[in-house]
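Remarks on the structure that follows.
The values are calculated or read from the model by the stated rules, or taken from the named source; none is laboratory data. Model, not experiment: these values are computed from the prediction. Using ideal geometry, Cβ is built from the backbone for each residue, glycine included, and neighbour counts are taken over all protein chains shown. Quick note on the areas: whole protein, heavy atoms, side chains included, nothing else; ligands and nucleic acids left out. Shrake-Rupley method; radii C 1.70, N 1.55, O 1.52, S 1.80 Å.
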Amino acid sequence: MPGNIIPEVLDVPLPSEARTRLTKPLEYSGLLDTYQNSDLTPVIGREYHGLQVADVLAAKNSDALVRDIAVTISQRGVVFLRDQDVTPQQMQAFMERLTTLAGCPESSGLHVHPLTEEGSELGDQISVISSEKQKKGGGLTHQLSDTTRLASAGWHSDITFEPVPSDYAMLKIHTLPQTGGDTLWASGYEVYDRLSPALATFLEGLTATHEAKFFHEEAARLGNPLRTTIRGSPLNQGPALEAVHPIIRTNPVTGWKSVYVNRGFTRRINGVTKDESDVLLQYLFNLVTQNHDAQVRFKWNKNDLAIWDNRSTWHTATYDYEAARAGDRVCSLGEKPFLDPASSSRRDALRFS
Ligand SMILES: O=C(O)CCC(=O)C(=O)O
Ligand SMILES: [Fe+2]
């Protein structure tokens, strides 16, 4: 595929080997097929039965297995593993392997969230998700001070305000209410497939600005200094918390196109008027929230774990419970988002495969 198109579209200087790697889908070995699994919906979500992250790390053929898991997460959007006996350190080790084995040459390891406290007990690369912290204003994802009462306000992809955003994220919930606190994911591939060819072509020529300055206020509320030093990549340094990304991006693992704007962090489509930007963004956000057949809803049990591809999915928590809910999250960094115009939509790729 014509990888040389990528830097021109986005003005991203990439090493030549990265360009070829980015447009060539990662190969699936088939090793993972030995684990029983079921798809939760036709377009997004797969659950594996009897697959332990800790065992994968220790397996003889671990690299091939991890690569197959990466391909599966990227194709299915999100993968669920029930009842995991895994420590935060093992989660971190797994995510390092995942991003390295699936990643492009410029892949940059694990993210340090701007709100992560310096010297925190679990280390810089584990984010603690906690309903207690959230009440104090420590949400990692969206503005709690938002005046909206719509649950749909929380849909986002992680850390898209970073110049080098996330490829994968892993969340384990270890403390949960008796009911409530489900998480939902939606497929960016499927939303791309719902655009008319004319609108898709138009959006493919545009970028959007993503921003999370509200973390400055959240950090002040929590009484912690905001992390401004390297957040997993030298490109993610500084207090700006702002980045420009293509609206349609190619997932380098699948080679499929996805819509890459989100309600949590995307503020403005560039190169059009503010009115046009508002209308277009609202339309794209609506495609995420109003198509439940592009979504999957997961009901957690204690120690269940989810791993998702942040390049091609959105997700949102559900705040419908009173009791404590908490877990650990690790977020890895991928490539600078790019669009390869020669890449295909998910439906087309599956139809012609
Ligand atoms: O708490 C949840 O269900 C999801 C939190 C979240 O957005 C994340 O872990 O990135
Ligand atoms: Fe998130």
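Run down V43, V12 and say which single residue is at pLDDT below 95, surrounded by 16 or more Cβ atoms within 10 Å (Cβ to Cβ) and closer than 29 Å to P341 by Cβ. Even if it seems obvious, please write down each step before you answer.
On the way: V43 fails: at pLDDT below 95.
Exactly one residue qualifies, and that residue is V12.
At least 3 residues that are in contact (Cβ under 8 Å) with a residue 24 or more places away in the chain in each: list the strands (runs of 3 or more DSSP E) lying fully within the range 27-102 that qualify. Full working, then the answer.
On the way: elements: 37-39, 46-48, 78-81.
Per the criteria, 46-48, 78-81.
Residue-wise test of (1) among the acidic types (D, E); (2) open to solvent by 10 Å² or more (accessible area, probe 1.4 Å); (3) assigned to a helix (DSSP H, G or I).
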| position | (1), (2), (3) |
| --- | --- |
| R249 | no, no, no |
| R267 | no, yes, no |
| Y321 | no, yes, no |
| A324 | no, yes, no |
| S332 | no, no, no |
| E335 | yes, no, no |
| R347 | no, yes, yes |
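Residues are listed down the side, and each one gets a yes or a no for (1) part of a helix (DSSP H, G or I); (2) more than 30 Å from T250 (Cβ to Cβ); (3) modelled with pLDDT of 95 or more; (4) within 13 Å of ligand 2 (Cβ to nearest atom):
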{"position": "E118", "(1), (2), (3), (4)": "no, yes, no, no"}
{"position": "K133", "(1), (2), (3), (4)": "yes, yes, no, no"}
{"position": "T141", "(1), (2), (3), (4)": "no, no, no, yes"}
{"position": "T160", "(1), (2), (3), (4)": "no, no, yes, yes"}
{"position": "W185", "(1), (2), (3), (4)": "no, no, yes, yes"}
{"position": "L199", "(1), (2), (3), (4)": "yes, no, yes, no"}
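Does any residue in the range 288-315 that is closer than 14 Å to L171 by Cβ and part of a loop (DSSP other than H, G, I, E, B) come within less than 8 Å, Cβ to Cβ, of a residue that is at pLDDT 95 or above and among the aromatic types (F, W, Y) six or more places away or on a different chain, and which pairs are these?
Pairs that qualify, where the first residue is closer than 14 Å to L171 by Cβ and part of a loop (DSSP other than H, G, I, E, B) and the partner is at pLDDT 95 or above and among the aromatic types (F, W, Y), are N310/Y168.
If you check R267 against the conditions, is it within 16 Å of ligand 2 (Cβ to nearest atom) and not β-branched (V, I, T)? Outline the logic, then answer.
Details: within 16 Å of ligand 2 (Cβ to nearest atom): no; not β-branched (V, I, T): yes.
It is false that R267 is within 16 Å of ligand 2 (Cβ to nearest atom) and not β-branched (V, I, T).
Cβ-Cβ under 6 Å, sequence separation 6+ or interchain: first residue in the range 217-232 and closer than 20 Å to P163 by Cα, partner assigned to a loop (DSSP other than H, G, I, E, B) and among the small types (G, A, S). Which pairs?
Close Cβ pairs (under 6 Å, with a partner that is assigned to a loop (DSSP other than H, G, I, E, B) and among the small types (G, A, S)) amount to T228/G238; G232/S108; G232/G109.
Pick from the range 227-247 the residues that are in contact with a Leu (Cβ under 7 Å, 6 or more places away or on another chain) and open to solvent by 10 Å² or more (accessible area, probe 1.4 Å): which of them is farthest from C331 (Cα to Cα)?
My answer is P239.
Restricting the range 201-215 to residues that are hydrophobic (A, V, I, L, M, F, W, C) and in a helix (DSSP H, G or I), which is nearest to H113 (Cα to Cα)? Step through it out loud before you land on a result.
Filtering the range 201-215 down to residues hydrophobic (A, V, I, L, M, F, W, C) leaves 202-203, 206, 208, 212, 214-215.
If we keep only those that are in a helix (DSSP H, G or I) too, we end up with 202-203, 214-215.
Working: F202: 33, L203: 30, F214: 13, F215: 10 Å.
This residue is F215.
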